[in-house]
1. Rounded to the nearest 500, what is the 222 nm mean residue ellipticity of the chain from helices alone, with -39500 (n - 2.57) per DSSP H run of 4+ residues and division by all residues?
2. Name the shape class, rounded, prolate or oblate, that the alpha-carbon gyration tensor gives for the stretch 66-195, where a ≥ b ≥ c are the square roots of its eigenvalues, rounded holds for a/c under 1.5, and otherwise prolate holds if a/b is larger than b/c and oblate otherwise.
3. Given labels modelled 7 Å from the Cα in the Cβ direction, how far is it in nm from ALA166 to GLU337?
4. Return, ordered by residue number, the residues of the stretch 277-296 whose backbone nitrogen is under 18 Å from a label point located 7 Å along Cα→Cβ of ARG15.
5. In debye, nearest 20: dipole of the stretch 66-195 around its Cα centre with unit charges on the Cβ of K, R (+) and D, E (-)?
6. Just want the ordering: MET265, MET298, from fewest to most Cβ atoms lying within 10 Å of their own Cβ.
7. Mind putting a number on the dipole of the chain about its Cα centre? Charges go on the C-beta only, +1 for Lys and Arg and -1 for Asp and Glu, and I need it in Debye to the nearest 20.
8. Just subtract the alpha-carbon distance of ARG34 and SER263 from 0.36 nm times their residue separation and send over the number in nm, one decimal.
Amino acid sequence: MLNFLSSNVILGKARTMYGRRLTGSDYEELLKCRNINEVAGYLKNHTVYKKVFSDVPESGARRGELEVRLKQKVMDEYASLCKYEIEVDHSFSRILIEWEEIQYLLRAVLSLNSGIHKNSAFHFPAFLCHNSCLNLQALARARTADGLKQAVSRTPYEKLLEPFLAEEGRIDYTALESVLFGHLFSKLLKTVKNHFSGGTQKELRTIIESYLDLSNYVRIVRMKVMYGANAEAIRKVLLPSGNVGKTSLERMLHASTEEEISSIMGKTSIGQIALKEPVSYLDQIPRRIDYKICRHEMDFSLYPVVVLVSYLILSIVEIDNIITIIEGKRYQLAPEEIRKLLIGLPASGMASGFDAEKVRKE
């Protein structure tokens, strides 16, 4: 158990670190940048990312290298907080590694399916190089299914990928993504159940299960409306369910239109909140609500583990926002188009008036 001193250290340190996050003004300046070099230069000279970009030249900055440095920063900060609570480190570190491993596995699958192989897609952060069970060099070199098999040989992913690599032709990306993330989230829920109790477990489950329920809602809508899939086909790509009951889930699976699916979801506790949020794209809903919950817990949770995990998720959101801006500049998107893709800009007041208790039970 955490003693009183270590509890206060984690709460204080995490909240202080979060106070150094990008401001609304920072985002506005980043959106004004004309290219990747200007984005890197602004982060280097005007934000908390000064140290991580200290040796990055202000010309010739590369998207892959910047992404690796950003991810490494998040992991370093997580490790600095975990030294005050070994249980958190033991419980979540491997899951963080697996999250990144899955991201790179899916990149490899996209490369195989498209026949376009970019070495820049496989810059690995140091924490992954030191801790991954994957053969990362084989993964970066993979040009065939056999190459991918070599990368996952004798790892927990071998059996998960085996059915997808047994047949010739394109790999079913959507189904594989569901299998990999389903495995990860099942492990995460089990970890929370086995290692935490009381209010800590309750708040952690809210963060995880809300994301899962809304992700499943998005998957149902997309599969039903865009691809005309039936209930059984959709069921195969769903993630583990959270608080949304089986009855509501089944009704959504058998609904005919997006309006009908939304009506059913809108009657659940999480749906009543999530579907009122203005979003530019359907896929933003799970991450936007996850942001809101974690932002609320950063200010109000009394549990150090919850604050630490919330800080981690919020940091990842910020990193993803920066990468989105970099990608937007790379493809010369207008600032307003990039803005639509960002999650939780400070100016939007995302956390104001949010009550996490409303999403804890259906």
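No lab work stands behind these numbers, since they all come straight from the coordinates. Keep in mind the model is a prediction, meaning the values are calculated, not measured. Cβ coordinates were reconstructed from backbone atoms using ideal geometry, including for glycine residues, and neighbour counts include every protein chain displayed.
1. On the way: 18 runs with 236 residues, N = 362.
Helices in the chain give a 222 nm mean residue ellipticity of -20500 deg cm²/dmol.
2. Numbers: a/c = 2.43, a/b = 1.50, b/c = 1.63.
Taking the square roots of the gyration eigenvalues as a ≥ b ≥ c, the stretch 66-195 is oblate.
3. Placing both labels 7 Å along Cα→Cβ, they lie 4.3 nm apart.
4. It comes to 293-296, nothing else.
5. On the way: 16 positive and 16 negative charges, 36 e Å.
With only Lys, Arg, Asp and Glu charged at Cβ, the dipole is about 180 debye.
6. On the way: MET265 27, MET298 20.
So the ranking, lowest neighbour count to highest, is MET298, MET265.
7. 220
8. Details: separation 229, 0.36 × 229 = 82.44 nm, distance 4.23 nm.
So the extension gain works out to 78.2 nm.
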